[in-house]
Amino acid sequence: MDFPVFLSRLKHKYSKACFVLPVLIGIALVWGLAERWVRIDHQAKYENNIQVGQELADFLDREVRETVRYGDIYVQALRRAYVGGNRSGDAVKRLIAAMPYDTEKISHVTLLTAEGTPVISSDRPAKTGMKPFDRDYFQFARDHEGDSVYVSKTQLGRVSGKTIMRVVRRITLTDGSFGGVIFAAIEIKKIQEMFKGLGLVPNHALTVLGTDRIPRASSRADPASLLGSLDKAGLWQAMEKSDHGVLPVLDQADGATRFHAFHRVAGYPLIAVSTIESAETTRGLARYNKRPYRMALMATVIILILVFAFYRLVQAKNLLKDELAARLKAENEGQEKS
């Protein structure tokens with residue numbers, strides 16, 4: 001092989017390699033930046049979900065604690081009047097008249113004897129035919145000595161006809177025996193109205209959960225559906241270490257990442273839980289963040305088009321150059337022959 005021809009071919013191959021290599025590096029850089037964009041965007045959304053969840057749980061904690069504490073303080077005052085007034089319902093009624101309760105926080109107040117006989121029912125005349133022996137709040141007060149507050153399960157009141165939870169205190173007689181219960185009823189409708197007033201988006205939920213793992217109130221129609229996710233997130237184990245926190249959990253069933261922020265309501269057997277269901281999933285992260293990949297694909301296509309156009313231009317230039325060289329060579333050879 002002629003040495004100049006060999007050098008020409010070697011130079012041509014080297015120039016092609018030098019031409020292709022930057023193109024491949026450029027395309028790899030474009031896709032690397034797109035992947036980096038996706039990860040930064042995902043991390044920002046992740047941190048934002050944690051922050052929003054914490055803020056919602058903190059807000060719910062304050063609201064629930066304020067309402068429950070109000071009812072608890074009120075029933076304790078009525079209980080003192082009852083026990084101090086020789087278990088007289090009149091003493092309790094006088095105190096209610098002198099110190100009316102906030103109807104935005106408390107639906108009604110009821111006092112029952114150990115036999116389940118109503119002494120007072122603040123919102124309507126007391127009915128003696130119905131006994132509360134099957135109700136969780138009455139059983140708790142009867143079976144637990146001491147003065148611990150109890151927040152009952154959500155139930156439909158037999159007398160009021162309202163869906164309520166009760167802030168309950170045990171009445172203990174001077175001899176230490178069980179003397180009945182007194183409770184302030186909190187209407188669940190009021191809590192749900194508060195939820196609606198927040199304008200929560202569909203993927204946000206607020207739940208008031210009992211430490212017995214039973215929901216008391218929720219912005220969702222099916223709060224029990226969250227319990228499985230809370231169990232997977234390790235809520236109960238986390239609460240043994242801290243009274244508040246955020247627990248992200250990936251649900252393998254639908255691929256959604258849920259952020260459960262929790263606050264233990266200080267002084268009461270309740271937990272304020274906010275749940276944010278992320279629009280992103282681990283499986284669908286690339287599908288959800290389509291924009292960076294679309295832009296990377298568009299940039300790749302543009303690069304390839306420009307490279308192809310530039311390559312054809314170089315080819316045309318080289319072809320023209322070769323034709324001119326061949327023509328000059330032919331002319332020179334013709335002149336030499338003549």
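The values are calculated or read from the model by the stated rules, or taken from the named source; none is laboratory data. This structure is a prediction, so every number in the text was calculated from the model and none was measured. As a convention, Cβ positions derive from the backbone with ideal geometry for all residues, glycine included, and neighbour counts pool all protein chains shown.
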Sole exception among (1) over 18 Å from ARG170 (Cβ atoms); (2) exposed (fewer than 15 other Cβ atoms within 10 Å of the Cβ) for ALA91, by number: (2)
Options VAL75, VAL83, VAL68; residue that is at pLDDT below 90 and part of a helix (DSSP H, G or I): VAL83
Yes/no for PHE195 being out of contact with any His (no Cβ under 8 Å at 6 or more places or on another chain), under 29 Å from GLU55 (Cβ atoms), without any contact (Cβ under 8 Å) to a residue 40 or more places away in the chain and among the aromatic types (Phe, Trp, Tyr): yes
Residues located in the range 89-112, provided they are without any contact (Cβ under 8 Å) to a residue 40 or more places away in the chain and acidic (Asp, Glu): ASP90, ASP102
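Yes/no matrix, rows are residues, columns are (1) more than 18 Å from ALA266 (Cα to Cα); (2) of a type outside the set (Gly, Ala, Ser):
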{"position": "PHE59", "(1), (2)": "no, yes"}
{"position": "ARG62", "(1), (2)": "no, yes"}
{"position": "VAL68", "(1), (2)": "no, yes"}
{"position": "ILE73", "(1), (2)": "no, yes"}
{"position": "LEU78", "(1), (2)": "yes, yes"}
{"position": "GLY84", "(1), (2)": "yes, no"}
{"position": "LEU95", "(1), (2)": "yes, yes"}
{"position": "MET99", "(1), (2)": "yes, yes"}
{"position": "THR103", "(1), (2)": "yes, yes"}
The range 306-325, subset of a type in the set (A, V, I, L, M, F, W, C) and under 60 Å from the mean Cα position of the chain (by Cα), residue surrounded by the most Cβ atoms within 10 Å (Cβ to Cβ): VAL307
Spans of helices (runs of 4 or more DSSP H) in the range 227-338 with at least 1 residues modelled with pLDDT of 70 or more and not assigned by TED's automatic domain parsing to the domain that holds TYR137: 235-239, 290-337
So ALA184, is it in contact with a helix residue (DSSP H, G or I) (Cβ under 7 Å, 6 or more places away or on another chain), more than 27 Å from ALA266 (Cβ to Cβ) and surrounded by 16 or more Cβ atoms within 10 Å (Cβ to Cβ): no
Matching residues, the range 102-160, being in a helix (DSSP H, G or I) and surrounded by fewer than 16 Cβ atoms within 10 Å (Cβ to Cβ): GLN139, ASP143
Restricting the range 236-255 to residues that are surrounded by 15 or more Cβ atoms within 10 Å (Cβ to Cβ) and out of contact with any helix residue (DSSP H, G or I) (no Cβ under 9 Å at 6 or more places or on another chain), the residue that is nearest to LEU156 (Cα to Cα): MET239
